[in-house]
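Asks: Questions regarding the structure given below will be posed in turn.
The values are calculated or read from the model by the stated rules, or taken from the named source; none is laboratory data. None of these values were measured; they are calculated from a predicted model. Backbone-built Cβ (ideal geometry, glycine too); neighbour counts: all protein chains shown. We work out accessible area using only protein heavy atoms, side chains counted, and drop any ligands, DNA or RNA first. Shrake-Rupley method; radii C 1.70, N 1.55, O 1.52, S 1.80 Å.
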Amino acid sequence: DPPVNAFPTFTTTDLSGNTVTNEIFAGKDLTVVNIWGTYCGPCIDEMDELAAWSAAMPENVQLVGLVSDLYSLEDTETLEMAQLICESTGANNYLHLVTSADFNGLMSTVVGVPTTYFVDATGAVVGQPIVGANVPGCMAFVEDYLNAQ
């Protein structure tokens with residue numbers, strides 16, 4: 001059985017069209033899921049910082065972006081905007097996912113972007129999501145979480 005506080009089971013694609021499922025969580029002790037939007041200034045403003053953090057993360061941690069306003073690769077306008085943002089901020093050094101219908105339940109609880117979730121290897125959400133652009137807060141959570149393991 002999935003954990004009570006499980007991140008949704010999903011199948012989606014990344015910005016290059018590769019299939020991605022929630023199996024990506026299994027390979028790492030912790031996955032930082034940053035939900036962002038192409039229309040969101042604060043989201044974009046923190047992406048260079050997120051990219052730098054992603055590059056410096058320990059082997060057992062990964063960062064994944066979830067593009068809140070991209071529901072399909074057929075939305076080429078939003079897709080191209082997302083790709084451009086990732087390229088210009090350096091955030092193309094980590095995976096960004098299309099918000100497929102599998103995320104509808106989760107997205108209905110997201111009050112604003114960016115919102116960052118922390119997911120363990122079993123697919124369980126740990127701690128509280130961090131709402132708003134707060135990379136130092138996210139980094140502190142990850143450090144505390146790993147130290148407690």
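Asks: What part of the accessible area of the chain, given as a whole %, is carbon or sulfur when the probe is 1.4 angstrom?
Replies: 51
Asks: Please name which of Thr109, Leu66, Ala56 has its Cα lying farthest along the dipole of the chain towards the positive end, using unit charges on Cβ (Lys, Arg +1; Asp, Glu -1) and the Cα centre as origin.
Replies: Thr109
Asks: While we're on this one: Region 79-149 to region 1-57: how many Å between their Cα centroids?
Replies: 5
Asks: Work out the length of the dipole vector of region 13-149 about its Cα centre, built from +1 on the beta-carbon of each Lys and Arg and -1 on the beta-carbon of each Asp and Glu, and round it to the nearest 20 debye.
Replies: 280
Asks: Also, quick follow-up: Below 12 angstrom from the Cβ of Thr21, what's the summed charge of the other residues (Lys, Arg +1; Asp, Glu -1)?
Replies: Counting the neighbours of Thr21, the net charge comes to -3.
Asks: Unpartnered cysteines of the chain (Cβ-Cβ under 4.7 Å counts as a partner)?
Replies: Cys86, Cys138
Asks: Follow-up. Taking the Cα atoms of region 6-149, report the difference between the largest and smallest coordinate on each principal axis, in whole Å and largest first.
Replies: 43, 29, 28
Asks: Same structure again: About the Cα centre of region 20-75, what is the dipole size in debye to 20, counting +1 per Lys and Arg Cβ and -1 per Asp and Glu Cβ, all else neutral?
Replies: The calculated dipole for region 20-75 is roughly 160 debye.
Asks: A further question follows. If you add up the charges near Leu30, with Lys and Arg at +1 and Asp and Glu at -1, over every other residue whose beta carbon is less than 13 angstrom from its beta carbon, what do you get?
Replies: -4
Asks: Net charge around Tyr39, counting only other residues with Cβ within less than 12 Å of its Cβ (Lys, Arg = +1; Asp, Glu = -1)?
Replies: So the surrounding residues net to -2.
Asks: While we're looking at this one, here's another question. With the other protein chains left in place, how much accessible area per residue, in square angstrom, belongs to the chain at a 1.4 angstrom probe?
Replies: On a per-residue basis, the chain sits at 49 Å².
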